[in-house]
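Worksheet: the structure to be examined is printed underneath.
The values are calculated or read from the model by the stated rules, or taken from the named source; none is laboratory data. Since this is a predicted model, take the numbers as computed values, not measurements. Don't worry about glycine lacking a Cβ; one is built from the backbone with ideal geometry, like all the others, and counts go over all protein chains shown. Each accessible area value is taken on the protein alone, full model and side chains, heavy atoms only, with ligands, DNA and RNA left out. Shrake-Rupley method; radii C 1.70, N 1.55, O 1.52, S 1.80 Å.
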Amino acid sequence: MPQTPKQTNLSEPEQPEEEPASQPSTSQASSDRRNLVTFTTEAYRNVVAATRCCNAFPQGAARSIYLSYPGYARMLEEQSQRVLGLINKVLKTENISGDIKRRQGDEQLEMVQEFNDILFERITTNLDIRSGLRRGNQPMVVETQVDVQSTSSAAKSATITKESPRAGSWNRYSTTPGTPARNMVSARLYTAHNIMRPQIQFKVPVDNSSQNPFRPRLTEKPNSLKPLALLPEYDDAGNVVSYLHPYEFELLKFEPPNEQLQMQKPLLPAPPAETELMVVDNVEALQEALKELRQAPQIAIDVEHHSYRTFMGITCLVQMSTRTKDYIFDTLTLREDMHILNLVLTDPKVLKILHGADLDIEWLQRDLSLYIVNMFDTHRAAKALNMARLSLAFLLKHYLDLDVDKSLQLADWRMRPLPQKLIDYARQDTHYLIYVYERLTNDLLQSEQGQLQGLRMVYQMSTDVCKKRYTKPHIGPDSHLDLVRKTKRSFDNRQLHALRGIFVWRDATARQEDESYGYVLPNHMMLQIAESLPREMQGILACCNPIPPLVRQQLNTLHQIVLRAREQPLIKPILEARHIVPIHLLPSTKDFNSKLNCPLDFSHQEEIRDDLPTLLSRNPTGKLEHPSKPKLEVPSASLIAPALSLLERPATPTQDEQVRWMRARQESKTMRMPYKRYMAILPLMQQQKNEQTAQQNNEQLTRRLCPAEPVPPTELQIEPKVEEDSVYNI
């Protein structure tokens with residue numbers, strides 16, 4: 001057989017390599033080209049010959065006759081198994097999953113066609129890269145400018161590598177001379193085309209179901225004071241709702257070491273360009289990084305997260321820094337192996353420094369099974385010092401006079417390999433964090449004049465953050481109403497029925513497809529569909545711009561939800577939530593005897609009707625008159641003499657009684673102040689007192705002159721004592 005030239009594997013993506021110092025000679029390049037052409041020609045000739053041999057085999061009825069001979073059938077089976085084995089070797093060489101031997105005849109043919117498509121696509125891609133037509137998976141930058149003075153966070157303009165023309169009513173800000181400048185903040189969405197979903201390569205599939213609560217995946221517990229025990233918590237119905245924190249006991253017993261409660265000696269780190277960087281993307285490098293981290297007294301930590309193309313989120317990157325070295329861990333590759341870092345993260349002797357660690361703690365638990373003991377949160381320390389701003393960029397500017405570029409906060413951290421710009425951006429978040437911690441500690445001690453209350457409070461709050469447990473997203477029967485309240489819209493029962501149905505559909509679809517709510521159907525589009533209730537499918541698509549892919553795929557399901565909502569009987573919102581009760585049956589705690597509360601005052605009621613029939617109406621001249629009944633004539637005698645009397649009195653009052661009654665009536669019409677009443681009655685009080693004193697003197701004189709004649713008790717006349725209160729009652 002002729003010697004086969006060296007083959008080039010075109011089905012594997014080629015990495016861009018630097019051009020060698022010396023270019024290959026023209027003769028060598030032409031020789032390689034001739035070898036490739038010879039190999040291709042020979043391979044094509046062999047394929048044609050194999051195809052002719054296959055076509056020469058008996059077909060149809062002749063095949064059945066030939067298979068009746070045992071020797072022919074045995075030979076055909078052996079050659080078929082040999083060909084299938086060769087195909088399996090090719091698939092394993094090209095890293096394509098699947099076993100063709102386990103499939104049936106038709107499935108084997110479809111499988112071969114699918115594999116051929118994959119191989120040809122790889123070959124085409126590598127040829128384009130080789131020829132320079134394609135430069136691999138190049139990142140794409142989308143820049144958005146946000147108006148700081150605007151209350152909404154909608155993007156005002158978007159550019160892809162160059163500024164796009166302004167159009168539409170949403171972007172009418174003028175930049176002509178003389179107009180006031182507006183504060184615009186740029187944020188860049190750094191992403192790439194056709195990023196492979198990392199969830200496909202996870203060894204443990206993601207569980208998005210709401211029935212199964214999140215369960216920690218720890219199998220060992222380093223630095224433990226109590227053995228590992230994943231204890232469940234139950235609700236009233238006996239269902240498991242959550243699991244206890246594996247390091248809850250260790251966090252309860254934690255006390256910061258004395259060296260962390262003393263004044264620190266801030267040491268400014270070297271610039272990132274002069275500091276060693278270690279990118280950890282395999283198990284061997286992870287073991288080496290763990291040995292180095294266990295020797296460090298302080299470790300700065302930060303997490304990069306992605307949440308748009310996944311339901312619960314993915315931890316894509318973890319950055320750690322010591323005083324002399326920076327580390328970047330590829331958590332998409334090391335997702336199942338990162339738990340060994342608990343040896344250092346749960347060590348109470350090693351200080352972990354984070355900024356705003358509320359979400360970082362939950363992400364580390366959920367994806368990497370990492371827990372932290374002995375943490376210092378610089379965000380809470382800045383809050384304890386009452387700083388003007390609490391962001392990490394402000395702290396770096398305050399303590400180091402360093403302006404940090406935060407324009408890549410919207411970067412897609414799933415990109416692999418990571419561009420150098422993203423590596424530098426991720427590195428800066430932890431490089432100076434240890435220095436910031438030392439300055440914050442000193443400021444806390446100086447603000448308390450050497451006392452430890454403020455510093456201990458920061459450590460206690462940081463420990464409380466470490467106790468947080470991750471819980472899966474959950475929706476209730478009224479979760480969609482929270483969205484209506486935030487938008488301050490008024491929906492009737494049909495619109496609420498549609499919103500509820502779309503809300504449940506979106507949640508189920510997002511969990512099944514492992515996509516976020518914003519990717520399946522954003523809130524503003526969902527509210528627009530529920531509010532307009534389009535009759536046709538095109539109306540649903542018209543409410544979405546751009547149209548989400550899953551909405552287009554499941555358009556019929558959404559249409560059925562809207563149609564069921566339109567069939568609901570229309571009920572006004574005001575009558576749906578309230579049952580009107582007659583006013584006289586409403587319970588009331590008001591005192592209607594008070595002049596401030598009138599029983600006929602209905603102005604405080606929600607529903608008031610002014611068209612009810614009344615006893616009075618207005619005539620054409622505008623005067624009030626009774627509509628039908630004649631005027632009642634009351635005899636004047638009834639105003640003087642009552643029809644029934646409880647006390648005995650003359651049938652007709654005497655002249656003195658009439659005068660006294662008229663005088664009292666006139667006096668009751670005039671209101672007198674209490675002091676004037678007292679001064680008016682004071683002479684009468686003095687007169688009664690003098691009469692009582694004179695009577696007592698006469699009695700004493702009588703007893704002294706006639707002691708032998710006792711006075712019978714029945715003949716004694718005791719005058720009643722006149723009190724001042726009785727005077728006021730007159």
Top to bottom by accessible area (1.4 Å), largest first, where do 398, 355 land?
398, 355
Hey, with R₀ at 56 Å, roughly what FRET efficiency would residue 210 and residue 265 work out to, going by the Cβ-Cβ distance, to 0.05?
0.65
Ignoring ligands and nucleic acids, residue 233 exposes an accessible area, probe 1.4 Å, in Å² to the nearest 10, of 60
Ranked highest first by the average count of other Cβ atoms within 10 Å around their residues, in what order do 89-96, 517-524, 367-374 fall?
367-374, 517-524, 89-96
Å² per residue, accessible surface of region 63-124 at 1.4 Å
78
Under 12 Å from the Cβ of residue 273, count the other residues' Cβ atoms, weight Lys and Arg +1, Asp and Glu -1, and hand me the total.
-3
For region 63-124, what class follows from the C-alpha gyration tensor (a ≥ b ≥ c being the square roots of its eigenvalues): rounded when a/c is under 1.5, otherwise prolate if a/b is larger than b/c, else oblate?
prolate
For all pairs of alpha-carbon atoms in region 201-467, what percent lies in each bin of width 10 Å, listed from the first bin to the last filled one?
6, 29, 36, 22, 6, 1
How would you classify region 197-347 from its alpha-carbon gyration tensor, with a ≥ b ≥ c the square roots of the eigenvalues: rounded for a/c under 1.5, else prolate if a/b is greater than b/c, otherwise oblate?
oblate
Show 677, 335, 535 ordered by accessible area, largest first, where the area counts protein heavy atoms only and the probe is 1.4 Å.
535, 677, 335
Carbon/sulfur fraction of accessible area - region 63-124, other protein chains in place, 1.4 Å, %
52
I want to check the label-to-label distance for residue 486 and residue 56. Put each point 7 Å from Cα in the C-beta direction and report it in nm to one decimal.
7.3
Computed over the Cα atoms of region 391-532, the Rg and Dmax in Å are 22.9, 64
Accessible area in the full protein assembly, largest first, 1.4 Å probe, for 377, 358, 281
281, 358, 377
For residue 493 and residue 224, FRET efficiency with R0 = 60 Å and r from the beta-carbon atoms, rounded to 0.05?
0.60
So for region 201-467: antiparallel DSSP bridges make up what percent, rounded to the nearest 5?
60
Calculate, for region 201-467, the solvent-accessible area per residue in square angstrom, rolling a 1.4 angstrom probe over the heavy atoms of the protein chains.
46
Let a ≥ b ≥ c be the square roots of the eigenvalues of the Cα gyration tensor of region 471-546; is it rounded (a/c under 1.5), or, if not, prolate (a/b larger than b/c) or oblate?
oblate
Would you work out what percent of the accessible area of region 478-567, with all protein chains in place, is carbon or sulfur (probe 1.4 Å)?
47
Could you work out how much longer the chain between residue 197 and residue 69 gets when fully extended? Use 0.36 nm per residue separation minus the Cα distance between them, nm to one decimal.
40.8 nm
Contour minus Cα-Cα distance for residue 446 and residue 43 (0.36 nm per residue)
137.0 nm
Spin-label proximity, residue 385 to region 256-270 - amide N less than 13 Å from point 7 Å beyond Cα toward beta carbon
264, 266
Inter-site label distance for residue 479 and residue 464 at 7 Å from Cα along Cβ, in nm:
2.7
Dipole check, region 206-289, charges on Cβ (K,R +1; D,E -1), about Cα centroid: among 272, 240, 287 the Cα furthest to the positive pole belongs to 240
How much accessible area does residue 401 have with a 1.4 Å probe, in Å² rounded to the nearest 10?
110
For region 201-467, the percent of accessible surface on carbon and sulfur atoms (probe 1.4 angstrom, ligands and nucleic acids excluded) is 49
Once all protein chains are kept in place, residue 42 shows an accessible area at probe 1.4 Å, nearest 10 Å², of 70
Evaluate E = 1/(1 + (r/R0)^6) for residue 398 and residue 531, where r is the Cβ-Cβ distance and R0 equals 60 Å; express this FRET efficiency to the nearest 0.05.
0.80
Determine the per residue accessible area of region 478-567 with all protein chains present and a 1.4 angstrom probe, expressed in square angstrom.
50
Compute the length gained on full extension between residue 676 and residue 118: take 0.36 nm times their separation in residues and subtract their Cα-Cα distance, giving the result in nm to one decimal.
189.8 nm
